[in-house]
Amino acid sequence: MSIKERKLTCIVCPKGCDLKVEFDADGKIAEVSGFTCPRGKDYAIAECTSPVRTVTSTVRCADGAVVAVKTSKPIPKSMIFDVMMEINSVLADNNVKIGDVVIANVLGTGADIIITSNK
Ligand code: SF4
């Protein structure tokens, strides 16, 4: 049985519009509704075709301190688990600061893992 429609909440801004994506008999997107601005429509289409997410986490420094990190751009949702494993395996330098790259091009995604907090 094929999916005829999918309901989503837009996560692009805090307004959280309720989106509905309808599919034709071939499973292709036929219509998107419920968005207040074009970014919501783009989000709905991307979420139904190639969903991506920005990943946030923490890494441990050599001295035991913990700093926040995130991906420099969204990565495929299907790769989140593997990217988290990479993040968990790294030990950052003691002198890291906001903006430093701790993993470049993580798993070939084109995204870097960057520091987002100071120690
Ligand atoms: S559709 Fe536009 S206004 Fe609505 S939540 Fe998404 S980005 Fe915000």
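The values are calculated or read from the model by the stated rules, or taken from the named source; none is laboratory data. For clarity, every value in this text was computed on a predicted model and none was experimentally measured. Positions of Cβ are backbone-derived with ideal geometry, glycine not excepted, and every protein chain shown enters the neighbour counts.
General observations
- Close pairs from the range 18-41: first within 13 Å of Leu8 (Cα to Cα), partner more than 8 Å from the ligand (Cβ to nearest atom) and small (Gly, Ala, Ser), Cβ under 7 Å, at least 6 apart: Leu19/Ala44; Lys20/Ser33; Val21/Ala44; Glu22/Ala30; Val32/Ala44; Phe35/Ala44
Every residue, every condition in (1) modelled with pLDDT of 95 or more; (2) within 16 Å of the ligand (Cβ to nearest atom); (3) β-branched (Val, Ile, Thr), yes or no:
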residue: Lys4; (1), (2), (3): no, no, no
residue: Cys17; (1), (2), (3): yes, yes, no
residue: Ser33; (1), (2), (3): yes, yes, no
residue: Cys37; (1), (2), (3): yes, yes, no
residue: Ala46; (1), (2), (3): no, yes, no
residue: Ala62; (1), (2), (3): no, no, no
residue: Ser72; (1), (2), (3): yes, no, no
residue: Ile75; (1), (2), (3): yes, no, yes
residue: Met84; (1), (2), (3): yes, no, no
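- Pro51 vs. criteria within 16 Å of the ligand (Cβ to nearest atom) and exposed (fewer than 11 other Cβ atoms within 10 Å of the Cβ): no
- Here the condition is being small (Gly, Ala, Ser), exposed (fewer than 12 other Cβ atoms within 10 Å of the Cβ), over 23 Å from Val12 (Cα atoms) and not assigned by TED's automatic domain parsing to the domain that holds Phe23; of Ala92, Ala62, it holds for Ala62 alone.
- Highlighted here are the strands (runs of 3 or more DSSP E) found entirely within the range 1-89 that include at least 3 residues which are closer than 29 Å to Asn118 by Cβ: 56-61, 66-71.
- Scanning the range 1-30 for residues that are of a type outside the set (Lys, Arg), more than 25 Å from Ile75 (Cβ to Cβ) and surrounded by 11 or more Cβ atoms within 10 Å (Cβ to Cβ) returns Glu5, Asp18, Glu22, Phe23, Asp24, Ala30.
- Filtered residues of the range 99-115 (kept if of a type outside the set (A, V, I, L, M) and surrounded by 15 or more Cβ atoms within 10 Å (Cβ to Cβ)): Asp100, Thr109, Asp112
- First in the range 5-17 and over 15 Å from Ser33 (Cα atoms), second anywhere and within 8 Å of the ligand (Cβ to nearest atom) and among the charged types (D, E, K, R), Cβ under 6 Å, 6 or more apart: Val12/Arg39
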